[in-house]
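Each value in this text was obtained by applying a stated rule to the coordinates, not by laboratory testing. Only a predicted model underlies this, so the values are computations on that prediction, with no experimental measurement involved. A quick note on method: Cβ atoms are made from the backbone with ideal geometry, for glycine too, and the neighbour counts reach across all protein chains shown.
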Amino acid sequence: MAEVHGSCDDRFAGVREALAEQLDGDELGASVAVDLDGETVVDLWGGWRNEARTAPWTQDTIVNVWSTTKCVLNLAALMLVERGDLDVFAPVGNYWPEFSAKGKKDVEVRHIMSHTSGVSGWEQPFSIRDMYDWETACERLARQRPWWSPGAASGYHAATQGHLVGEVIRRITNTTFEHFVEHEIAGPLGADFQVGARPQDWDRIADLVPPPRVDPDPSTDLSTVAMRTWMGPVMSTKACSSPEWRAADLGALNGHSNARGVLDVLRVLSLGGEVGGRRLLSEKTIDLIFQVQADGVDLVLEQPFRWGIGYCLGSPIVPYVPSGRVAFWGGWGGSLAVMDLDRRLTITYMMNRMAPGIIGSPRAEAYVRAVYDAVG
């Protein structure tokens, strides 16, 4: 059986076993962490940083966590709510006046946080490289018309949420989301999490292995909201290893961390807004997360999802995430963060071999089920 490193309370031995089994199966390199009531009860890792299996996944290995980054992005927005600087029920244009153009004057901050704004992708032509130019990318979003009536339905803001929410954060704080994370979140919490990746950390980044290629159906309607979103821009795992990607501020896509690093940030939600003597949020602000904004088939993901303000609250796609006061999301390929406020429980999983699909995977399911088997 594959070797697993790190610490694990005896009660959670099943998580260690699950990771070992998956490392003998589809997993290449991965880390899993669990916090229960303010105590890190699981901090495990194993496998390899590269497909050639020449570089082991170690305690300080990090990886591009894709849309798990959005969990931290929306935490940052909620922190501004807590400080009285942001109202999620106010128009985005109150903070970013240019955004009010082209039928968007009634788009509220809660809409961009819950994927219901109608601005789920950039109008083409638009490439990954175009995302790196923050100012121009935001100007283009401000000039777009919504692709559906804002607030009427969700349509996953796969890449745009980082710029939409990030620009509101920038307008309020006069600093970038990347800077905000470093100085207001990761630094104070002692978390190994960064937006992009500093050059001195490149040698500890695990290589992403893309999921199996799926050839497009030539009969696909390219005019749907889903296709316009996925094509504006088309994502690439190869881009993630470029200096430009690592230097960019992509609040929806390019957080770099591991399970412990993500855990050290997001457990603040599960623990009622305070961790290690630092209070970031009040219960009143956290309650905003659970105000349902959309509950039905998502126009982009084309499956049923229930969205609160900033986080997913449930979906049959991930039946292993329980109902209740539970918020979660993850990244392309299977990374996952679950914040269970009922149990004061946080589960995080980051890996480098990507599974098919936009959220969750059989591997993620194995770890989450093992955790819940332990807590009962």
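Summing Cβ point charges (Lys, Arg +1; Asp, Glu -1) relative to the Cα centre of the stretch 250-289 gives a dipole of roughly 100 debye. Using a cutoff of 8 angstrom between alpha carbon atoms and counting only pairs six or more residues apart, the relative contact order for the chain works out to 24 percent. Structure note, pairs Lys105/Lys284; Lys102/Lys238; Lys70/Lys284: Cα-Cα distances above 25 angstrom occur for Lys105/Lys284; Lys102/Lys238. What the Cβ-Cβ distance of Asp60 and Lys284 gives, at R0 = 41 Å and to the nearest 0.05, is a FRET efficiency of 0.65.
For the stretch 225-328, the gyration tensor built on C-alpha atoms gives an oblate shape. Its axis ratio a/c (a ≥ b ≥ c) is at least 1.5, and a/b is not larger than b/c.
Across the stretch 110-172, C-alpha contacts under 8 Å between residues 6 or more apart give a mean separation that, scaled by the residue count, equals a relative contact order of 52 percent. The spacing between the stretch 208-231 and the stretch 294-325, judged by their C-alpha centroids, is 21 Å.
Using the Cβ-Cβ distance between Asp201 and Tyr320 with R0 set to 45 Å, the FRET efficiency works out to roughly 0.90.
Annotation: amide H of Gly255 within the under-5 Å range of Val65, Trp66, Thr69, Gly196, sequence separation 5 or more or interchain, hydrogens built in the peptide plane. Which parts of the stretch 254-286 would a label at Ile172 reach, counting a residue when its backbone N lies under 16 Å from a point 7 Å out along Cα-to-Cβ? So the set is 280-286. The phi torsions of the stretch 342-354, fed into the Karplus equation with coefficients 6.51, -1.76 and 1.60 and a -60° offset, translate into couplings of 4, 9, 6, 10, 10, 10, 9, 9, 10, 8, 10, 8, 7 Hz, rounded to whole numbers, with Gly and Pro shown as x. Put in line by how crowded their Cβ is, counting other Cβ atoms within 10 Å and starting with the fewest, Cys312, Cys138 read Cys138, Cys312. Averaging the Cα positions of each part gives two centres, and for the stretch 49-86 and the stretch 237-273 these lie 2 Å apart.
A helix-only calculation puts the chain at -8000 deg cm²/dmol for mean residue ellipticity at 222 nm, using -39500 (n - 2.57) for each DSSP H run of at least four residues, averaged over all residues.
Listed peptides 80-91, 358-369 appear in the order 358-369, 80-91 once ranked by packing, highest mean of other Cβ atoms within 10 Å at the front. Across the stretch 193-203, coupling constants 3J(HN,Hα) worked out from phi with the 6.51/-1.76/1.60 Karplus curve, θ = phi - 60°, read 9, 9, 8, x, 8, 5, x, 5, 9, 4, 6 Hz, and Gly and Pro carry x.
Ordered by the number of other Cβ atoms lying within 10 Å of each residue's own Cβ, fewest first, Ile172, Ile309 fall into the sequence Ile172, Ile309. Basic side chains Lys and Arg get +1 at the Cβ, acidic Asp and Glu get -1 at the Cβ, and with that the dipole of the stretch 4-375 about its Cα centre reaches some 580 debye. By other beta-carbon atoms within 10 Å, ranking Met351, Met235, Met339 with the fewest at the front produces Met235, Met339, Met351.
Between the residues Leu313, Val92, Gly103, the greatest Cα displacement towards the positive end of the dipole of the stretch 4-375, with unit charges on the Cβ of Lys, Arg, Asp and Glu, is found for Gly103.
When peptides 118-126, 94-102 are ranked by their average number of other Cβ atoms within 10 Å per residue, the highest-first order is 118-126, 94-102. Convex hull volume of the C-alpha atoms in the chain, normalised per residue: 123 Å³. Taking a ≥ b ≥ c as the square roots of the eigenvalues of the alpha carbon gyration tensor, the stretch 108-250 is oblate, as a/c is not under 1.5 and a/b does not beat b/c.
For the stretch 4-375, the antiparallel share of DSSP beta bridges with both residues in that region comes to about 95%.
Extents of the stretch 171-263, taken as max minus min of Cα coordinates on every principal axis and listed largest first, are 51, 34, 25 Å.
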